[in-house]
Structures are given as structure tokens and as C-alpha cells.
Amino acid sequence: MMQKLCVIILWVLLMPLSLGAQTLRERMAAHVSFLASDSLQGRGLGTRGKTLARDYVVNAFVDAGLMPFHGQWLQPFGFKVSLVQVSGHNVMGYLPGTDSTLCHEWVVVGAHYDHLGLEVDSDDGTYFPGADDNASGVAMLIETARHLSMNRHRLKRGVIFVAFDAEEIGLRGSSYFVAHPPVPLSSVKVMFSCDMVGMYAKNKGVHLKGIEALAQGDPLAGALAQSHSLTVLNRGFRYEKHTDTDPFGRKGIPAVHLFTGTVSPYHQPGDQAHLLDYDGMVLLNEYFRELVLQLSEASVLTPSDAFVAWQASSTRPKNFSWGLMLTAGEGHHVYDNRYYRANSVPVGSVGGYVQMNLSSHVQLQSELLYDFSGSDHPGGVFRRHSVTVPMSVKLTTGVSSFDSPQLFVLGGPWGRYHFGGDDARFSNVSSMAQYEWGLSYGVGLSVWRLQAGWVCRRAISPLFYWDGDAVRDVSNRVFLGWQF
Ligand SMILES: [Zn+2]
């Protein structure tokens, strides 16, 4: 009873903010100023401020006339943040499609409502209001829901409205939604994430990154932009990986980031409600809600060929790859008793490599290199030409791509065959080895077609004996690989 009373009181307190304001501009400003207000303290993880924001969205969805899934507005989920169990809640509602066939398909409109909360180590209660990030997106979500609800007779496909939680801590809410969707994921034809949409004028336009992932998306968005006198900047078919579009895009769903740039005081206490461009938000909302309406009406919505091809190439790592390998660094000999000391000389190698992906974290790499090695020896500078074949296991943080660099460590044996060099003056030494073997170990970074890092090659077999001491080759090199 007490809880119910609290909800009613809250509802009475919050409603005037959205109902009292009459124009679209006033309603948008009211949403933002409430969500970015002092009392919500930046809507941080596990705070009362975020719960208030959540309840505000629920009330706005009820007010807009949306329907809940199975009577529930909230989709609760849990996750761990450095061993602490945290709970989150997505807020979901929908408008059904009216077409007997297309009503089984869906358009998803999302915006995250969480933000960063209090500044860590702040003793004066400094918080991040997150007006642009992402009170602006929630305002866009609510007003789109409200308008589409009033025009629900036009909707052929259904539209799901969802305010995602825990975006700032790693897209937790949207990832949970995709893992536990209220409708089959295959029926979701396009998804929008409204994330930071309050700076249209300053950004000189809006980004619709990912719109070309939908075959019908770009022509429609372009024509509408013209009739609304709206400037669309970034389009393309690649989805944005740093907002809630990512979990959807990974599942092959065309996912579009509605975004007016990081021109606000991004992730700073200065991201305040009074800085937002409410005229721009009105222009954008009038455009966006019509875009969603027309997408719901389109006779067919399919992913574009470019998106499908990119998706296929980025999700299926090549099992085999090969390319060029260069190394450069220093080499020197080491002696068993350390009586002699050798100085470094420049060494280098050039050749090719083949790499096999055993899994997304384990790779085998084999190289075939012409190697120029040596050492500054007490008996003179020692130089040799050889063929070196390193075989390495690479443990990597993942399969790298253009915008996803990965770290790796490598280790394994190598063998070397000497075929020349100016070691004639060492002809007095006993048992000059023609073959050597040893171990390599190193670290590196791979991104796109490149891999680069550091490797140490340490011989285990002696190269020769000098005054009865075994002499072994060591080199430290930087390497650079280019995949064909
Ligand atoms: Zn954001």
C-alpha cells in the first residue's frame, strides 16, 4: 500500500512536467530539465536518481498510450561490476502494427536513460547531469512515442520503444534486450538509438550512422531530410559500436545512431540542460517521428547488400592469412662464463608469414625470414646470413579489425640455417654451427591488416665455442607485419 501511495505521489509530481507543457519544444525542454536536474544526481548506477528517471519514463509511456509487454513496463536484469552485483531495468512499451501481415514485424526505437552519476572523489557532490547524454535522447524517445501513438492508425509494423539502462557501463541494457527480446529478433527490421541529439545547430546537422544498412533506409531518410530542410551528415552502413546500436548490429539488424555529435561538454559536469538546442530537437523530432512512421509503412524492409557483405566478412574471421614480415633491432652473443662481453650490432630480417586462427583467442604463426644476424665480438664483428623459421603461438584478446585493435603475446621455437657471412676470421673456433635453434617470445598489437610489437629471439643451441665457452645468439627486435 505504502509503495502504491509513493508511486501515485510521484506520478502526480512528475506528470505536470510532461502534461503541463503544451508545445513540443516545451515538453522536450521539460523532459531534459527534469532528467538532468539536481534531484536526479546524474542518473548513476544503483542510485535513487536513476530510479526516478526510470519511473519518469514509465509514466511518460503510460501517458503516451503505449502498451506494456505482458503487463510489464520494466525488463529487469542483473550484472556484475568488479564483483559487485548490480541490477538494471530497461523500460519497454509498444504500439502494435495494423497491417495483418506486417504487424509481425517491428521497428525498435531506443535511448539510454542512465548516465555517470556523481563524480568520483568529489567531496562537493559534483555530478554529471548528462543533458545531451542522454536526457536529449530520452526526450526524443518519449515525444516520438507520443506522436506515433496519436497516429497509430498509420502504423503497419509495430514499434517498440525502449529506454535502455546501464549503457554507460558497457551497453548492458541493450545487450540484455537483444539476449531476451520481447519479440523474435528476426522480426526486428531496423533499430534506432537516439544517443546525444541535443546539439543539432552546433553540429551543423544530424548523423544517421548505419542508415544505409537498410536497403530502403537511405532513400527514405534522404527524401524526408529534404522536405524537412534537415541536414544529414554521416550515413554509411556500419553501425556505431559505442552506443546501443552495437548489440543489434552484431545480430545483423540494421541499427542506426541518431546523433548530433560530441559537441556538448561530453561526459563533463558542464553537460547541462540550458545548453541544449531545443529548436534543433524539435526539427529533429518532427523529422525522426515521420521517418519511423514511414518505415513502419514501407512494403518491405531488408538489410542492404553492403551491410550483409560487411557483416559476413566481419563476423567470420579468416582461418588463414598471410603477409609480409619485417624485423629490426639489435643482436649480440652471450657467453657461458660471461668473461667476454659482446656489444650489440644492428640486425634485421625480411620475409613472409602465414597465420592460422585456431579460435578467436589462439593463433599459430609461422614465418620464413632472410635473417642478417651477428654480434660485436672480442675477435671482431661477426656477421651471418641465414634463413630463420619462427613458429609461434599467439594468445590474443580477440580477432582484430579496422576499429577493434587487439593485444597479443607470442612464444615458440625457431630454427636457423646459416648459408653465408664474414665469419672466416673465426675459422679457428671449434664446431661453428650451421644450424641453430632457440625460443622467441614477445608482445604485439594487431589492427586492421597490421601487426606490430617486440620480440626477443634467444638461441638455446650454441653457435660455436670460444675458449671452451659456448657462445649463443640473442636478438631483440621490433616487428611489423602486413597482411595481404
Ligand atoms: Zn550516451
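Of all residues in segment 262-302, exactly one satisfies the criterion of being among the polar types (S, T, N, Q), outside any helix (DSSP H, G or I) and more than 27 Å from the chain's Cα centre (by Cα), namely Ser299.
Kindly indicate whether Ala328 is open to solvent by less than 30 Å² (accessible area, probe 1.4 Å), among the small types (Gly, Ala, Ser) and in contact (Cβ under 8 Å) with a residue 12 or more places away in the chain.
Values: open to solvent by less than 30 Å² (accessible area, probe 1.4 Å): no; among the small types (Gly, Ala, Ser): yes; in contact (Cβ under 8 Å) with a residue 12 or more places away in the chain: yes.
So Ala328 does not fit the description; no.
When segment 454-473 is filtered for residues that are within 17 Å of Tyr353 (Cα to Cα) and open to solvent by 20 Å² or more (accessible area, probe 1.4 Å), only Trp454 remains. Looking only at segment 127-162, residues that are in a helix (DSSP H, G or I), out of contact with any Ser or Thr (no Cβ under 8 Å at 6 or more places or on another chain) and open to solvent by 30 Å² or more (accessible area, probe 1.4 Å) come to 3 in all.
Within segment 43-72, restricting attention to residues that are open to solvent by 40 Å² or more (accessible area, probe 1.4 Å) and of a type in the set (A, V, I, L, M), the residue that is nearest to Tyr94 (Cα to Cα) is Met67. Can we say Leu275 is in the same structural domain as Met199 (by TED's automatic domain parsing) and at pLDDT 95 or above? No: the conditions fail for Leu275.
Only residues that are of a type outside the set (Gly, Ala, Ser) and either within 16 Å of the ligand (Cβ to nearest atom) or buried (at least 24 other Cβ atoms within 10 Å of the Cβ) (or both) were counted across segment 116-126, and they come to 1.
Condition test on Ala312, is it open to solvent by less than 60 Å² (accessible area, probe 1.4 Å), free of Cβ contacts under 8 Å to residues at least 12 places away in the same chain and either of a type outside the set (Phe, Trp, Tyr) or part of a strand (DSSP E or B) (or both)? Break it down into steps so the answer makes sense when it comes.
Working: open to solvent by less than 60 Å² (accessible area, probe 1.4 Å): yes; free of Cβ contacts under 8 Å to residues at least 12 places away in the same chain: yes; either of a type outside the set (Phe, Trp, Tyr) or part of a strand (DSSP E or B) (or both): yes.
The answer is yes for Ala312.
Provide a single number: the residues in segment 216-261 that are open to solvent by 30 Å² or more (accessible area, probe 1.4 Å) and assigned to a loop (DSSP other than H, G, I, E, B).
Taking segment 216-261 as the starting set, the residues that turn out to be open to solvent by 30 Å² or more (accessible area, probe 1.4 Å) are 216, 218-220, 223, 226-229, 231, 233-235, 237-238, 240-242, 250-251, 259.
Then drop every residue that is not assigned to a loop (DSSP other than H, G, I, E, B), which leaves 216, 228-229, 231, 233-235, 237-238, 240-242, 251.
Number satisfying all stated conditions: 13.
Answer yes if at least one residue in segment 363-373 is of a type in the set (D, E, K, R), exposed (fewer than 15 other Cβ atoms within 10 Å of the Cβ) and not assigned by TED's automatic domain parsing to the domain that holds Glu240, and no otherwise. Even if it seems obvious, please write down each step before you answer.
Filtering segment 363-373 down to residues of a type in the set (D, E, K, R) leaves 367, 371.
Then drop every residue that is not exposed (fewer than 15 other Cβ atoms within 10 Å of the Cβ), which leaves none.
No: segment 363-373 contains no residue that is of a type in the set (D, E, K, R), exposed (fewer than 15 other Cβ atoms within 10 Å of the Cβ) and not assigned by TED's automatic domain parsing to the domain that holds Glu240.
Please go through segment 97-110 and pick out each residue that is crowded, with 20+ Cβ neighbours inside 10 Å and either hydrophobic (A, V, I, L, M, F, W, C) or within 10 Å of the ligand (Cβ to nearest atom) (or both). Listed by number, the residues that qualify are Leu102, Trp106, Val107, Val108, Val109.
So, Met391, is that one modelled with pLDDT of 95 or more, out of contact with any Leu (no Cβ under 6 Å at 6 or more places or on another chain) and open to solvent by less than 50 Å² (accessible area, probe 1.4 Å) or not? Judged against the criteria, Met391 is not a match.
Mind checking which residues of segment 341-355 are open to solvent by 60 Å² or more (accessible area, probe 1.4 Å) and either under 29 Å from the mean Cα position of the chain (by Cα) or of a type in the set (A, V, I, L, M) (or both)? Residues satisfying the conditions are Val350, Val354. When Gly323 is tested against (1) surrounded by fewer than 17 Cβ atoms within 10 Å (Cβ to Cβ); (2) touching a residue at least 40 places away in the same chain (Cβ under 8 Å); (3) part of a loop (DSSP other than H, G, I, E, B), just one condition goes unmet, and that condition is (3). Is at least one residue of segment 442-449 surrounded by 15 or more Cβ atoms within 10 Å (Cβ to Cβ) and closer than 17 Å to Asp371 by Cβ? Yes, some residue in segment 442-449 is surrounded by 15 or more Cβ atoms within 10 Å (Cβ to Cβ) and closer than 17 Å to Asp371 by Cβ. For Tyr113, the criteria (1) among the aromatic types (Phe, Trp, Tyr); (2) within 16 Å of the ligand (Cβ to nearest atom); (3) more than 22 Å from Ser264 (Cα to Cα) hold in every case but one, which is (3).
With more than 29 Å from Phe479 (Cβ to Cβ) and either without any contact (Cβ under 8 Å) to a residue 12 or more places away in the chain or open to solvent by 50 Å² or more (accessible area, probe 1.4 Å) (or both) as the only criterion, which of Pro303, Pro269 stands out? Steps first, answer last, please.
Values: Pro269 fails: either without any contact (Cβ under 8 Å) to a residue 12 or more places away in the chain or open to solvent by 50 Å² or more (accessible area, probe 1.4 Å) (or both).
Being more than 29 Å from Phe479 (Cβ to Cβ) and either without any contact (Cβ under 8 Å) to a residue 12 or more places away in the chain or open to solvent by 50 Å² or more (accessible area, probe 1.4 Å) (or both) holds for just one of Pro303, Pro269, which is Pro303.
Go through the residues of segment 157-175 one by one and say whether even a single one is away from the ligand (no atom under 15 Å from the Cβ), within 26 Å of Lys202 (Cα to Cα) and not hydrophobic (A, V, I, L, M, F, W, C). The answer is no, given that none of the residues of segment 157-175 is away from the ligand (no atom under 15 Å from the Cβ), within 26 Å of Lys202 (Cα to Cα) and not hydrophobic (A, V, I, L, M, F, W, C).
Among the residues of segment 186-215, what is the count of those that are open to solvent by 40 Å² or more (accessible area, probe 1.4 Å) and among the aliphatic types (A, V, I, L, M)?
If we filter segment 186-215 for residues that are open to solvent by 40 Å² or more (accessible area, probe 1.4 Å), which is where we start, we get 186, 189, 201-202, 204, 209, 212, 215.
Remaining after also requiring among the aliphatic types (A, V, I, L, M): 201, 215.
Total meeting the criteria: 2.
Among the strands (runs of 3 or more DSSP E) lying completely within segment 429-484, list those that include at least 2 residues that are of a type outside the set (Asp, Glu) and within 40 Å of the chain's Cα centre (by Cα).
Details: elements: 435-447, 450-459, 464-466, 469-483.
So the answer is 435-447, 450-459, 469-483.
For segment 427-441, filtered to residues that are farther than 22 Å from Gly329 by Cα and open to solvent by less than 30 Å² (accessible area, probe 1.4 Å), the residue that is modelled with the lowest pLDDT is Val429.
The values are calculated or read from the model by the stated rules, or taken from the named source; none is laboratory data. Given the structure is predicted, the values throughout are model-derived calculations rather than measurements. Neighbour counts run over all protein chains shown; Cβ positions are idealised from the backbone, glycine included. All accessible areas refer to the heavy atoms of the entire protein, side chains included, with ligands and DNA or RNA removed. Shrake-Rupley method; radii C 1.70, N 1.55, O 1.52, S 1.80 Å.
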